[in-house]
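Here is the structure we will look at, set down as structure tokens.
The values are calculated or read from the model by the stated rules, or taken from the named source; none is laboratory data. Note that the coordinates shown come from a computational prediction; the quantities given were computed from them, not determined experimentally. Each accessible area value is taken on the protein alone, full model and side chains, heavy atoms only, with ligands, DNA and RNA left out. Shrake-Rupley method; radii C 1.70, N 1.55, O 1.52, S 1.80 Å.
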Amino acid sequence: MTKASKASQAKSEALFARARKVMVGGVSSPVRAFKAVGGTPLFISRGRGSHVWSADGARYIDYVCSWGPLIAGHSHPKVVRAVSSAVARGTSFGAPCEDELKLAEKVCSSVPSIERVRFVSSGTEAAMSALRLARACTKRDKLLKFDGCYHGHSDAFLTNAGSGLATLDVPASAGVPASSAAETVTVPYNDVEAMESAFDAHKEGFAAVIVEPVAGNMGVVPPEEGFLEAARRLCTRDGSLLIFDEVITGFRLSLGGAQAILGVRPDITCLGKVIGGGFPVGAYGGSEAVMNMVAPEGPVYQAGTLSGNPVAMAAGLATISLMEVGGGYSRLDSTSARLERGLLEEAERAGVQVTANRVGSMLGLFFSGSRVTNFEEAKNADRGRYAKFHRSMLDEGVYLPPSAFETLFVSTAHTDADVDATVKASRAAFAKCAEGAYSR
Ligand code: KE4
């Protein structure tokens, strides 16, 4: 097992050159292309626990965790066993199956606002379907979202979005009809006044307000006191539906997601990532009355060949069962707190201005001397330094998200030794970041 070093990327470089001949940008999702941090994307050959190995055989402590799903780490034996036996019974039936029902029961019993759920195959599908449902329920078209939040790549959500769009510095996507973009209104995250003004300015009313209850796609930005409560109040007052996009936070911050911790109840919740344990999955759910508007019960059509796929359901059930073990979330929180504390101490030692936002096992690092409470402030942080930090940590054997607008995820597989090794690696990385002036 070789430790990562600059020299050990020849295979990834060769594979990337080949990939660019047949895959757009050599990747299957833009943020993986390392465009914001430079260098060649690592081709990952395997993962186990808190580590991944590159095609060159170098080992890395992984804080991408497949962008969130792997809360129990890579290839957890319990997940592998559950998936292997599911596959042996068949990979897909296009029919209801018991594990799908078990996961639906788990979702409905865990997430406070969900009485009925529908599985889909991605977070994008979940958010897209939730918006269609909200539009049907309210007979309105307009949507209110928040700058820097990301709800997948369907047309309605691509205005001032976070994640890959922020990474590539594109405020919107080509190909979205102006008529569609015109239905989406955006205001700054955590800005209650702007939200109230948006409601006042749109007398026809919003079909929905969609929000990440803890934002994880502009780095991590927690809700300020009263922000989500105001969204709830305004939606209730105006007959709009409040959609919590818990694709990241669902079953990550607690078994009941962010809403169970923050005490605000949405009308519709979107889920993904953790509930599929690393397999393609999404879900949306809400009250029986709202959800029974969806076909075959109601007039809102939504469908999917692999929705509720038995292998994905088995992986999700096994992953959630690992998190139900007593103390799982508190251990995750203390490991994450150790990481946050250690990185901040090393940044201070190097004299580098770093702000950390952390909620549970979601950690955001900003090269900035001030608090980050919204997308503008996140964009004002020094992305050049983040890129330098990312590169240096990679050379030290630590795999961070290749974008300043993503979340570092900690899993239950991360040990104190992993955290201490990460903090130790950051000493050299922060020292490199101390050089040079701050840039955007
Ligand atoms: P997917 O369609 O990628 O499964 O989910 C879309 C989505 C919806 N809502 C939230 C809050 C999300 O974070 C996501 C997807 N997250 C990004 C990373 N932050 C996925 C990584 C990528 O796009 O490659």
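Structural remarks
- Counting heavy atoms of the protein chains alone, residue 238 has an accessible area of about 40 Å² for a 1.4 Å probe.
- Taking segment 77-323 as the region of interest, the number of lysine pairs whose Cα atoms are within less than 24 Å, with members eight or more places apart or on different chains, is 9.
- Each residue of segment 338-353 was assigned a 3J(HN,Hα) from its phi angle through the Karplus curve 6.51 cos²θ - 1.76 cosθ + 1.60 (θ = phi - 60°); the sequence is 4, 5, 4, 4, x, 5, 5, 5, 5, 5, 5, 4, 7, x, 9, 6 Hz, with glycine and proline shown as x.
- Nearest-10 value in Å² for the accessible area of residue 331, using the 1.4 Å probe: 130 Å²
- Antiparallel DSSP beta bridges within the chain, percent to nearest 5: 60 percent
- Computed over the chain, Cα set: Rg, Dmax in Å: 21.1, 62
- Our analysis of segment 83-135 gives Rg over Rh at 1.03, with the two radii drawn from alpha carbon positions and Rh computed by the Kirkwood formula.
- Phi-derived couplings, Karplus 6.51 cos²θ - 1.76 cosθ + 1.60 at θ = phi - 60°, listed residue by residue for segment 98-105: 5, 5, 4, 5, 4, 5, 4, 5 Hz, with x used for Gly and Pro.
- Computed with a 1.4 Å probe on the full set of protein chains, the accessible area for residue 386 sits at about 10 Å².
- To the nearest ten degrees, helix 310-324 and the longest principal axis of the Cα atoms of the chain are 70 degrees apart.
- For residue 388, the lysines whose Cα comes closer than 16 Å to its Cα, not counting residues fewer than 8 places off in the same chain, are 6, 35, 432.
- Per residue solvent-accessible surface (Å²) - the chain, probe of 1.4 Å: 40 Å²
- Accessible-area order (highest first, 1.4 angstrom probe) of the listed residues 261, 210: 261, 210
- Heavy-atom accessible surface of the chain: percent carbon and sulfur, 1.4 Å: 54 percent
- Accessible surface comparison of 67, 53, probe 1.4 Å, protein chains only, largest first: the order is 67, 53.
- Angle between the chain longest axis and helix 192-201 axis [Cα atoms, degrees, rounded to 10]: 40 degrees
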